[in-house]
Structure formats: C-alpha cells, structure tokens
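Engineer: I'd like to ask some things about the structure below.
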Amino acid sequence: MKVLVIGGTLFIGRPLVQSLVKAGHEVWILHRKSEHDFGKKVGNLRADRNDPAAVKQAIGEHRFEVVFDNVYDWQRGTTAAHIEATVKACGDHLKRYIFMSSVAAYGDGLNHHEGDALAPDDHPDPYVRNKAQSERLLFRMHQRYGTPVVTLRPPYIYGPGNPFYREAFFWDRLRDGRPIIIPGDGRRLMQFVYVKDLVWACLRAMEEPNAVGHAFNIANSRPLTQVEVVQAIGEAANKKPSLVRIPRERILALGGDPMKAPLYFGVYFDMPAITQVISKAQRVLKFKPTPFAEGLKETYRWYLRNKTRMLIDYSFEDRLLAQYQVAAHA
C-alpha cells in the first residue's frame, strides 16, 4: 500500500517507517526537513504539519491509502483544525487514517476504557485539550463521511531512541552512584508501553478490518508505582537504587520542575496518574505487550551503545538532599 507517515524520523516514526519498508509498502514521510536518511526507498514531502496550505501543497496529487499522523507541535500545539485540514488534504483514497493520541486525552482518572468520556474542550492543559478535541473531530468525520479513522492512546512510551530524559535520567544517576529522589511516598501510578509494541499496534491497526472507527488503549496491562518503576530500571542495569523520599511540596518549593531543569525525576514522570484498561486492544488487535523488565533490558543495552556521557549538573539535587537531611534530623 502507499503509506504516508507524518513525522517519520523520531521516536515512534523511525521504527514505524523501517517496519513499513520491510513489509514491502511504498512509504513516504512528511516533515519539515528537505531530506531524510532512510535512503531512496522512502519518499520525502516537506511541510510544517501546522500549516494547512503547506500540507495540502506537499501532498498534492499523491493518493495515500494509509496515513499515520504521529506529530504534535509542543511549542504551538497541534489542534483539531490542523488534523481536519490534513485529513481533507489526503483525498478520498484513504483506507486508514491512524492518529496517535494519548492516555492524556482522558484528562484524569484510573482504569479508563475506550468508551469513557474524553477531557472537555475547556481543559486547562492544551495538550490534553488538543488530543481530546482531535479525537472527537476524527470520530465525527467517521460518522458523517465514513473516514476510516483509528486512534491509539498510549501512556508513557519507553524504549530505544527515547528523546525524552526519562529512562536515561535514572541510569545516569545509578552509574554515577547517586541516590534517586522519590517524590512523596512514591505511590503515584505510572503505565508504560514499549515503543516496539506501539509500532506493532500501528501496523495491526492498518491491517485489521474491525479496527476502523475505534480507539485503542495501547499499554502494558499493569500500572506500576513510581518506586516500582525505579526499581525495575535499576534491575535492568543490574544496580540497586538507593531511594530517598522527599515530600513533593518541599521539592517544588525549592524550584524543582517535573518538565525541565532543575529536574528531580524523569521528564514528566511525576504527574497525577491516568491509567487505562487494554482488553479491547487484546481482543480486537490481538495485542500482547512486552514485559516491562524485558523491554527495559533491551533499552539499557541501547543506552550503553548510544548515549554520550556528559557532565551532569547535580547541584539542585545536592541542595535538596542537604536540606532534606537537615530537616529530617531536626
């Protein structure tokens, strides 16, 4: 089939493109650069996906049968209007439009099924709001025009090539003999999906006739506490982490940030829990997630081969640990 991957050079897109080429599909990518490093087998379309006119011009007379829409602009936000314009630019030959959403589309709460309500249009977080609105838009297009939509809702994605400072955050500290700061009691729940499992689900969503018109939660079946996650990351590196629990309020009061420096935990890893049930994906797509320990071991091997060791500024953590020790003794 003729397949377009919007955003085909990063964490999800790269292994997806490689898998599609290996399966014999005609693959094109749409991104903002004039070239890519996949070779001549992969076509190249250049456009800013947030520019509807540029996307329409880049797609031109191409008639793609399958589109994977993986790109979100973190600086400006990618809205439902951007998604609608892209779908319309793809024409009427579509057999699948597969949209990468997120567990965040639910807004909050535990044990979500796909039929649960998504976050409201006035949700304060623009990422949450945009993902929820985009899904509602796509399913309206499916109902009104028969657009062959599938949406996927992964939680935290991990694995080789992760551009976010997440698994590596902890492995850097373990290799440097540093304690790992645990915010609060460490019981906040986290749910994960291995990037290779997510790519597998993308391919199945393209092939499975009963997937059309549906959303799927794609994740490991069991959420983990923050402490369990750190312990599993340590086990993958054959290192036992030294855990120091510090009240979250104290961390934030001293300037700690869950998203950027000064970090105290992996990027975005200290957020209120949103979890999901994956029985629908298991039933319809025959989804079988990779065990977390197995995926982490492969990710750690990639980390050792590919991560350049840089000098890390531990000054905030040192200050936090010193103040906590004083408070603890007091």
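Engineer: List the residues, sorted by chain then number, that are 5 or more residues from Ala273 or on another chain and whose placed amide H is less than 5 Å from its amide H.
Structural biologist: Leu189
Engineer: So, R0 is 35 Å and r is the distance between the beta-carbons of Tyr165 and Asp121; what FRET efficiency does that work out to, to 0.05?
Structural biologist: E(calc), rounded to 0.05, equals 0.65.
Engineer: Tell me the angle of helix 315-329 to the major Cα principal axis of the chain, expressed in degrees between 0 and 90 and rounded to the nearest ten.
Structural biologist: Once rounded, the angle reads 50 degrees.
Engineer: Could you work out which residue, out of Phe316, Phe170, Phe216, moves most in a Gaussian network model of the chain, that is, has the largest mean-square fluctuation with Cα springs under 10 Å?
Structural biologist: Phe316
Engineer: Be a star and scan the stretch 79-120 for residues whose amide nitrogen sits under 15 Å from the point 7 Å along the Cα-to-Cβ vector of Val284.
Structural biologist: 96-102, 113-117
Engineer: Next question. Set the Förster radius R0 to 41 Å, insert the Cβ-Cβ distance between Asp92 and Thr308 as r into 1/(1 + (r/R0)^6), and round the FRET efficiency to 0.05.
Structural biologist: 0.30
Engineer: What full-extension length gain, to one decimal in nm, is calculated for Lys196 and Tyr145 as 0.36 nm per residue of separation minus the Cα-Cα distance?
Structural biologist: Extra length available between Lys196 and Tyr145 comes to 15.1 nm.
Engineer: Turning to a different aspect of this structure: State the extension gain, in nm to one decimal, for the chain segment bounded by Arg250 and Glu207, taking 0.36 nm per residue of separation less the distance between their alpha-carbons.
Structural biologist: Between Arg250 and Glu207, full extension yields an extra 10.5 nm.
Engineer: While we're on this one: So for the chain: antiparallel DSSP bridges make up what percent, rounded to the nearest 5?
Structural biologist: 5
Engineer: Something else: Step through the residues of the stretch 128-139 one at a time and calculate ³J(HN,Hα) from phi using the Karplus curve (6.51 cos²θ - 1.76 cosθ + 1.60, θ = phi - 60°), rounding each to whole Hz and writing x for Gly and Pro.
Structural biologist: In residue order, the calculated couplings are 4, 4, 5, 5, 5, 5, 5, 5, 4, 4, 5, 6 Hz.
Engineer: For the pairs Lys239/Lys307; Lys196/Lys280; Lys22/Lys240, flag any whose C-alpha to C-alpha distance is greater than 28 Å.
Structural biologist: Lys22/Lys240
Engineer: Follow-up question, since we're still on this one. State to the nearest 20 debye the size of the charge dipole of the stretch 212-330 about its Cα centre, where the only charges are +1 on K and R beta carbons and -1 on D and E beta carbons.
Structural biologist: 520
Engineer: Counting other C-beta atoms within 10 Å, and keeping those with at most 10, which DSSP coil chymotrypsin sites (Phe, Trp or Tyr not before Pro) do you find in the stretch 27-104?
Structural biologist: Trp74
Engineer: Separate question: Using the Karplus curve 6.51 cos²θ - 1.76 cosθ + 1.60 with θ = phi - 60°, work out ³J(HN,Hα) for each residue of the stretch 118-125 in order, rounded to whole Hz, and write x for Gly and Pro.
Structural biologist: 8, 4, x, 5, 9, 4, x, 8
Engineer: Label 7 Å along Cα→Cβ of Thr225; the stretch 152-183 residues with amide nitrogen under 19 Å?
Structural biologist: It comes to 180-183, nothing else.
Engineer: For the stretch 227-242, just list the computed ³J(HN,Hα) in residue order, Karplus coefficients 6.51, -1.76 and 1.60, θ = phi - 60°, integers in Hz, with x standing in for Gly and Pro.
Structural biologist: 5, 4, 5, 5, 5, 5, 5, x, 4, 4, 9, 6, 9, 8, x, 9
Engineer: If each DSSP helix of 4+ residues adds -39,500 (n - 2.57) and the sum is divided by the residues in the chain, what number results at 222 nm, nearest 500 deg cm²/dmol?
Structural biologist: Taken over the chain, the calculation gives -11500 deg cm²/dmol.
Here, each number is a calculation from the coordinates, and none is a lab measurement. Everything numeric in this text was worked out from a predicted model, so none of it was measured. In this analysis, Cβ positions are derived from the backbone assuming ideal geometry, glycine residues included, and neighbour counts consider all displayed protein chains.
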